[in-house]
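Report on the structure given below.
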2 protein chains.
Amino acid sequence: MSEPIRVGLLGCGTVGSGVARILTQNQEAIAVRAGGPVVLARVAEVDPSKADAVDLPRSCVTTDSMAVATAEDIDIVVECIGGVGKARELVEAALAAGKSVVTPNKELIAKAGHGLLQLAAARGVDLQFEGSVGGGIPIIRPMKESLAGDDLLSIAGIVNGTTNYILTRMSEEGASFEDALAEAQKRGYAEQDPSADITGADAANKISILASIAFGNYVDVSEVDTEGIDKMHPRDLVAAAELGYIVKLLAIAKRLTDDKLEVRVHPTMIPKTHPLASVGGVSNAVFVRGRYVGDVMFYGPGAGSLPTGSAVVGDVVDAARNIRHGSSGRVPCVCAAKAELLPADQICSGYYLRMTVLDQPGVLGAICTVFGEYGVSIASVYQKRVEGRSADIVWITHKSRESSFRQALQRIDQLPVVERVSSTIRVEDV
Amino acid sequence: MSEPIRVGLLGCGTVGSGVARILTQNQEAIAVRAGGPVVLARVAEVDPSKADAVDLPRSCVTTDSMAVATAEDIDIVVECIGGVGKARELVEAALAAGKSVVTPNKELIAKAGHGLLQLAAARGVDLQFEGSVGGGIPIIRPMKESLAGDDLLSIAGIVNGTTNYILTRMSEEGASFEDALAEAQKRGYAEQDPSADITGADAANKISILASIAFGNYVDVSEVDTEGIDKMHPRDLVAAAELGYIVKLLAIAKRLTDDKLEVRVHPTMIPKTHPLASVGGVSNAVFVRGRYVGDVMFYGPGAGSLPTGSAVVGDVVDAARNIRHGSSGRVPCVCAAKAELLPADQICSGYYLRMTVLDQPGVLGAICTVFGEYGVSIASVYQKRVEGRSADIVWITHKSRESSFRQALQRIDQLPVVERVSSTIRVEDV
């Protein structure tokens with residue numbers, strides 16, 4: 001049998017420990033598939049209690065991550081530290097030292113991926129990151145390889161399990177945002193500081209990775225129009241359900257006819273019959289539309305030690321195959337340039353809109369007039385309930401330009417008959 | 001730019017014409033992804049009218065498929081003829097001549113794949129067949145590559161669009177099997193001779209391919225326990241819906257604890273809440289369970305000229321990348337031996353059972369006694385309707401061994417109070 005391929009693991013937290021477990025427990029099958037043994041040779045971890053969980057001689061465990069990233073006897077470096085600062089330094093050093101690198105670190109790839117991929121290409125090594133989007137779900141390799149003959153048009157994904165869990169509880173049980181978040185934290189689905197999830201920042205990282213792969217120009221995540229779920233009210237989820245919709249935090253990317261991209265993350269009302277509508281709890285799913293293939297969807301667990309570990313080890317096997325065949329870097333980054341994104345205020349979508357108005361004649365007419373002035377066309381309107389002198393009204397608009405819709409809204413909010421505009425949610429038929 | 005990779009296409013029917021169109025129309029993007037141009041250089045087609053649809057000089061089109069399969073100036077042969085006889089000869093000749101081969105031909109791969117893959121490995125070339133299962137849905141590469149670190153436990157798939165369309169119409173509109181089949185033929189979803197679809201033979205080919213990849217031993221498709229949908233009655237679909245189930249033609253493969261496999265195709269009642277339950281019409285979906293990744297699902301169009309063409313061209317890009325990197329054959333077949341399948345009569349599953357009995361006291365007791373003698377345990381029983389002296393009764397059993405269930409059924413069928421046993425359908429919680 002050929003020489004073992006030696007793996008150095010940086011970080012032994014949630015995903016790192018899963019990677020260590022799979023590499024150890026499943027090593028026989030992995031050796032068959034990789035054309036020879038793949039061994040976990042070194043682990044760098046600052047917390048000795050985490051390192052203890054790995055089945056390795058003490059001498060192979062160190063706190064010096066840079067030593068592992070650049071060690072002469074390491075072929076593949078697996079970065080499971082997270083974040084950008086230190087992880088970026090280590091990945092750069094590993095690539096520069098001619099190691100192939102595997103990482104599930106979405107923030108690193110979203111914010112520094114283009115430069116790192118260029119470095120990998122220059123050194124003729126692999127930089128793989130299947131675990132960075134959708135946890136264990138195969139999505140990045142299918143897009144880069146299986147769909148490499150296609151002409152991809154759009155992507156719509158539920159790529160953050162925490163927010164999907166919160167929205168599922170809010171919509172199925174009428175829970176408030178705060179209670180659903182607390183429940184998610186109790187179950188370990190949300191961090192103590194959940195801001196990266198609930199603000200949509202995590203989903204923005206992921207959609208910028210997917211959009212870069214799909215459309216061949218890299219997306220600057222800081223330009224992605226991003227809105228979180230922290231302002232969602234259970235009353236809107238109920239209204240959505242009554243209208244045949246469900247609200248999901250969608251990450252959306254579309255290629256427009258002029259080759260600009262539209263990339264955005266926001267709570268979105270989609271028809272209940274859409275395949276993404278039935279993706280509940282912490283599950284993730286990515287819906288991809290290709291000119292030739294039509295609509296395909298990839299579904300599964302979006303996070304977790306072993307699911308994400310499975311994706312990372314899949315990448316390790318691929319990198320190992322490339323090392324054995326002398327073909328490292330065979331699927332490089334082909335992003336030519338920075339993608340030009342459509343400015344947020346030019347994006348078109350339908351809108352759901354809930355407002356409280358005075359319950360008196362002429363109110364609907366007054367509001368419709370303002371919409372009409374800004375070219376916003378109404379698909380439907382429902383009076384939801386009356387309380388004292390006030391009534392709740394729900395509107396659904398046809399596709400409108402964001403800027404027109406916002407201007408109309410500002411005017412409507414100033415009408416004397418309008419007490420307050422409570423919420424707006426974009427409506428998509430994806 | 002590097003030398004073009006030259007593709008020879010055998011057969012220009014439904015899928016072949018899709019392949020030709022994508023290779024031509026999308027050639028710029030394909031060249032970027034493949035690291036250099038990939039050109040459709042020759043086409044072999046016996047029907048000149050089909051060849052006319054391809055945008056190639058007359059001199060590149062021939063009726064001599066063997067000449068294209070072995071031509072010196074061809075790097076990748078795409079076989080879109082179908083069936084085993086001639087296609088097998090051509091693929092063998094192409095592999096022997098050192099060409100990489102791409103084919104969406106499920107029958108060929110299911111029946112002759114193991115030998116062809118060994119030939120490809122011996123010659124150090126690729127034999128790729130993503131389009132053979134699930135049309136355009138990426139499933140084979142994700143299983144061989146993305147999930148290469150995992151330990152796969154089971155697969156359950158809707159892998160035949162024709163039968164899924166028929167069952168969807170029967171269950172949503174109460175259509176008879178014959179009417180739904182006629183409608184499928186009218187819409188071009190079913191062949192004039194639909195037997196390969198409705199008998200389950202097509203699905204058996206596909207699940208034997210997936211099971212071979214998932215479990216590392218090759219499955220002999222002639223040993224797959226296969227039952228079609230031609231005996232399905234709309235009444236059973238209605239009863240299934242009332243009980244919270246839906247009936248799908250599922251292709252199922254499981255690895256058992258003793259490393260034997262269970263591989264089977266049959267109409268199956270699954271809970272309405274299962275992700276496969278919402279896969280309607282001609283769509284396909286494959287649900288894969290891994291020890292580490294958990295449950296993932298791949299969904300999309302299971303057939304068609306362009307969707308399947310997309311999968312084929314994805315394989316062509318992959319084979320082209322390997323040629324450029326000198327890494328052809330980097331993901332070889334790793335099936336060690338022929339898989340041992342559990343004999344059909346030892347398979348365990350739940351059963352749905354509809355029968356007509358005399359409407360008189362003691363009937364249920366008499367039937368229960370027989371079930372009890374054979375160790376078949378009843379989960380629930382419903383009386384469906386009474387007509388004159390007869391009543392329709394529906395049973396659902398707990399998991400039982402096929403042989404015990406069939407023996408019990410034979411005895412029950414002979415009871416004087418039983419007029420007839422109308423249908424049995426297996427029940428799975430997959």
Completion exercise
Among A:R426, A:R385, A:R389, the single one that is modelled with pLDDT of 95 or more and not small (G, A, S) is A:R426
Exercise for the section: Quick one: which residue in B:V54, B:V46, B:V84, B:V39 is under 17 Å from B:V102 (Cα atoms) and under 30 Å from the mean Cα position of the chain (by Cα)? Expected result: B:V84
Exercise for the section: Quickly run through the range B:53-73 and pick out the residues that are more than 11 Å from B:A93 (Cα to Cα) and part of a helix (DSSP H, G or I). Expected result: B:R58, B:S59, B:C60
Exercise for the section: Test A:L306 against the stated conditions and say whether it is at pLDDT 95 or above and assigned to a strand (DSSP E or B). Expected result: no
Practice task
May I ask you to list pairs of residues, at least six apart or on different chains, whose Cβ atoms are under 8 Å apart, with the first in the range B:272-296 being under 19 Å from B:V238 (Cβ atoms) and without any contact (Cβ under 8 Å) to a residue 12 or more places away in the chain and the second being part of a helix (DSSP H, G or I) and of a type in the set (S, T, N, Q)?
Solution key: B:S278/A:S278
Completion exercise
Reported set for the range A:158-176 where residues are part of a helix (DSSP H, G or I) and crowded, with 19+ Cβ neighbours inside 10 Å is A:G161, A:T162, A:T163, A:N164, A:Y165, A:I166, A:L167, A:T168, A:R169, A:M170, A:S171
Problem - Members of the range B:157-195 found to be under 19 Å from the mean Cα position of the chain (by Cα), over 25 Å from B:I140 (Cβ atoms) and hydrophobic (A, V, I, L, M, F, W, C), listed by number - result: B:I166, B:L181, B:A184
Exercise for the section: Please find, among A:A339, A:A319, A:A303, the residue that is within 26 Å of B:S146 (Cβ to Cβ), away from chain B (no Cβ under 14 Å) and either over 33 Å from the mean Cα position of the chain (by Cα) or crowded, with 18+ Cβ neighbours inside 10 Å (or both). Expected result: A:A339
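Conditions (1) in contact with a strand residue (DSSP E or B) (Cβ under 7 Å, 6 or more places away or on another chain); (2) surrounded by fewer than 24 Cβ atoms within 10 Å (Cβ to Cβ), marked per residue:
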residue	(1), (2)
B:R6	yes, yes
B:G16	yes, no
B:V38	yes, no
B:D52	no, yes
B:L56	yes, yes
B:S65	yes, no
B:L119	no, yes
Problem - Unique match (being touching a Ser or Thr at 6+ places or on another chain (Cβ under 9 Å) and without any contact (Cβ under 8 Å) to a residue 24 or more places away in the chain) among B:L243, B:L181, B:L249, B:L237 - result: B:L181
Completion exercise
Residue count, the range A:113-157, condition outside any helix (DSSP H, G or I), over 22 Å from A:L249 (Cα atoms), of a type in the set (A, V, I, L, M, F, W, C) and more than 7 Å from every other protein chain (Cβ to nearest Cβ), comes to 3
Handout entry: Scan of the range B:178-231 for residues that are β-branched (V, I, T), surrounded by 18 or more Cβ atoms within 10 Å (Cβ to Cβ) and farther than 18 Å from B:R255 by Cβ, ordered by number
Key = B:I198, B:T226, B:I229
Completion exercise
Expected output for the range B:204-224 (first residue within 14 Å of another protein chain (Cβ to nearest Cβ), partner aromatic (F, W, Y) and crowded, with 24+ Cβ neighbours inside 10 Å, Cβ below 8 Å, 6+ apart or cross-chain) is none
Fill in the blank from the handout: Of (1) within 19 Å of B:K206 (Cα to Cα); (2) part of a helix (DSSP H, G or I), B:P104 satisfies every one except (2)
Exercise for the section: Please identify the pairs in which a residue from the range B:358-377 that is of a type in the set (F, W, Y) has its Cβ atom under 7 Å from the Cβ atom of a residue that is surrounded by 12 or more Cβ atoms within 10 Å (Cβ to Cβ), counting only partners at least 6 apart or on another chain. Expected result: B:F371/B:I378; B:F371/B:A408; B:Y374/B:S404; B:Y374/B:Q407; B:Y374/B:A408
Exercise for the section: Return the total of residues in the range B:36-52 being among the charged types (D, E, K, R) and either within 23 Å of B:A319 (Cα to Cα) or in a loop (DSSP other than H, G, I, E, B) (or both). Expected result: 3
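The values are calculated or read from the model by the stated rules, or taken from the named source; none is laboratory data. Computed from a predicted structure; not experimentally measured. We place every Cβ from the backbone using ideal geometry, glycine too, and count neighbours over all the protein chains shown.
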